[in-house]
1. How do the strands (runs of 3 or more DSSP E) wholly within the stretch 75-158 filter down when requiring 3 or more residues that are more than 16 Å from ligand 3 (Cβ to nearest atom): which remain?
2. Kindly provide the set of residues from the stretch 164-189 that are more than 9 Å from ligand 1 (Cβ to nearest atom) and either within 16 Å of Ala393 (Cβ to Cβ) or of a type in the set (Gly, Ala, Ser) (or both), ordered by number.
3. Of the residues in the stretch 274-328, how many are of a type in the set (Ser, Thr, Tyr) and under 25 Å from Val342 (Cα atoms)?
4. More than 13 Å from ligand 3 (Cβ to nearest atom), under 20 Å from Thr38 (Cβ atoms) and surrounded by fewer than 24 Cβ atoms within 10 Å (Cβ to Cβ): does that describe Tyr185?
5. Could you pull out the residue among Val345, Val305, Val320 that is touching a residue at least 24 places away in the same chain (Cβ under 8 Å), farther than 12 Å from Val266 by Cβ, hydrophobic (A, V, I, L, M, F, W, C) and surrounded by 14 or more Cβ atoms within 10 Å (Cβ to Cβ)?
6. Which is part of a strand (DSSP E or B) and surrounded by 12 or more Cβ atoms within 10 Å (Cβ to Cβ), of Val389, Val373?
7. Among residues belonging to the stretch 203-215 that are in contact with a strand residue (DSSP E or B) (Cβ under 7 Å, 6 or more places away or on another chain) and within 13 Å of ligand 3 (Cβ to nearest atom), point out the one that is farthest from Phe8 (Cα to Cα).
8. Looking at the structure I just gave you, is Tyr197 touching a residue at least 24 places away in the same chain (Cβ under 8 Å), aromatic (Phe, Trp, Tyr) and farther than 15 Å from Ser347 by Cβ?
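The values are calculated or read from the model by the stated rules, or taken from the named source; none is laboratory data. These figures come from a predicted structure and were not determined experimentally. For neighbour counting, all protein chains shown are included, and Cβ atoms are generated from backbone atoms with ideal geometry for every residue, glycine included.
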Amino acid sequence: MGLIVQKFGGTSVGSIERILNVADRIIEELRSGNQVITVVSAMGKSTDDLLGLAKSITATPAKRELDMLLTTGEQVSIALLAIALQSKGYPAISMTGWQAGIQTESVFGNARILDIQSNRIQSELNQGKVVIVAGFQGITSDKEITTLGRGGSDTTAVALAAKLNAERCDIYTDVTGVFTSDPRYVKEARQLKDVSYDEMLELANLGAGVLHPRAVEFAKNYHIPLVVRSSMEKKEGTYVSEEVTMEQNLIVRGIAFEKDITKVTVHGLKDGIHCLPSIFSPLASNYINVDIIIQSFSETKENNVSFSIKTESLEQTLDVLKENKDVIKYDHIEWETKLAKVSIVGSGMISNPGVAAKMFACLAKEEILIKMVSTSEIKVSAVVDEQCVHQAANLLHDAFELEHTVVSV
Ligand code: ADP
Ligand code: ASP
Ligand code: MG
């Protein structure tokens, strides 16, 4: 008998009918002789609705209270799912994050899991129950309720799988697996049979919302086989693991994109040596995440530095730069909103020069202006106008022939 951790996302528990369907999927797993822990998200779009309620009072609700509010969404679905299983004659118990012993750091809105005190879960499993855990939430050492960031239920599931040595973690969602790009926007996207942890981590970090990046990080660090599959259709899904068997030689495996990006440029920097730390240290100490940074130093001209951030951080970024104007010693700041980042990802890039050039040529041919670029061993990202991003993703998907070269399942 093995232990399986399953996770069902918002759409998959979006109605009573769907919750009953989830109960049936759990029962199938029990009948094949496994113990089951099931993590669930809030029903449908209820997290967005709760957020909307708070924002209808103020644009800047306190983060502690937001976490208190948002965690109620998952509490609804765990209770309903436990009731559904019990009504079908299967013993089940629901647990909030703190009841499940999920300890996090003291950061509201984006806390990391530090440890899981799993004795309560273990004892309920030993009594033959299905344990249903609220995703996306935990508790700090001083008993404050926290959330793990949007999409964080995936991370709850994988962390539980790691802690309890599960055989596998199944992420049930509204698509049949991980695709070469978001199938909602890229018409030729194909499902991948398998994908490596590293490629999946890049895709997730670069905006492929199908998995929470920290869930992939946990799976990689603890060697948890992860399967992304449909909660509605009985299909095999995509395996995320260390080894990928087929398609290994493909240069580009997937295309991800992310909207709501802003480019900030600090003009007229006077202090060549100290300008970079004087800009980025205060941003870091204010927990502002900076992505791409561009600087080309010149002895003769005044220097500029550009960097990209999520648009939601713009106001805070400008405040920090203005507060530190005397130390940074700049002339003025410019920013451009409504940008997006499109990225190509694939471990085959390491040994194949010319991939970035092909990407640039493909976008230039259709007059899509690239405003910033960044590369790593296995990805190339380009910042473009937000309105072009779906077109760019489709063009790159065609250019790298992802519809032909990928074996779909
Ligand atoms: P859940 O509520 O089940 O967690 P999400 O909305 O978080 O579901 O994630 C599933 C969605 O991720 C899909 O509906 C799809 O639009 C989007 N998505 C983005 N990139 C990809 C990709 N590469 N493969 C599959 N789905 C993707
Ligand atoms: N309900 C949370 C969200 O919408 C967590 C999750 O779905 O993973 O972000
Ligand atoms: Mg999700």
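1. Numbers: elements: 92-95, 102-104, 113-116, 130-134, 137-139, 145-147.
In the stretch 75-158, 92-95, 102-104, 113-116, 130-134 are the strands (runs of 3 or more DSSP E) which contain 3 or more residues that are more than 16 Å from ligand 3 (Cβ to nearest atom).
2. Let us first name the residues in the stretch 164-189 that are more than 9 Å from ligand 1 (Cβ to nearest atom), namely 164-170, 187-188.
Across the stretch 164-189, the qualifying residues are Ala166, Lys187, Glu188.
3. Of the stretch 274-328, the ones of a type in the set (Ser, Thr, Tyr) are 278, 281, 285, 287, 296, 298, 300, 306, 308, 311, 313, 317.
Imposing the further condition that a residue be under 25 Å from Val342 (Cα atoms) reduces the set to 287, 296, 306, 308, 311, 313, 317.
Total satisfying the criteria: 7.
4. On the way: more than 13 Å from ligand 3 (Cβ to nearest atom): yes; under 20 Å from Thr38 (Cβ atoms): no; surrounded by fewer than 24 Cβ atoms within 10 Å (Cβ to Cβ): yes.
No; evaluated as a whole, the condition is false for this residue.
5. Working: Val305 fails: farther than 12 Å from Val266 by Cβ; Val320 fails: farther than 12 Å from Val266 by Cβ.
Answer to the selection: Val345.
6. Numbers: Val389 fails: part of a strand (DSSP E or B).
Only one candidate qualifies: Val373.
7. Step one: list which residues in the stretch 203-215 are in contact with a strand residue (DSSP E or B) (Cβ under 7 Å, 6 or more places away or on another chain), which gives 203, 206-208, 210-211.
Checking which are within 13 Å of ligand 3 (Cβ to nearest atom) leaves us with 207-208, 210-211.
Details: Gly207: 20, Ala208: 18, Val210: 12, Leu211: 12 Å.
Here the answer is Gly207.
8. Numbers: touching a residue at least 24 places away in the same chain (Cβ under 8 Å): yes; aromatic (Phe, Trp, Tyr): yes; farther than 15 Å from Ser347 by Cβ: no.
The answer is no for Tyr197.
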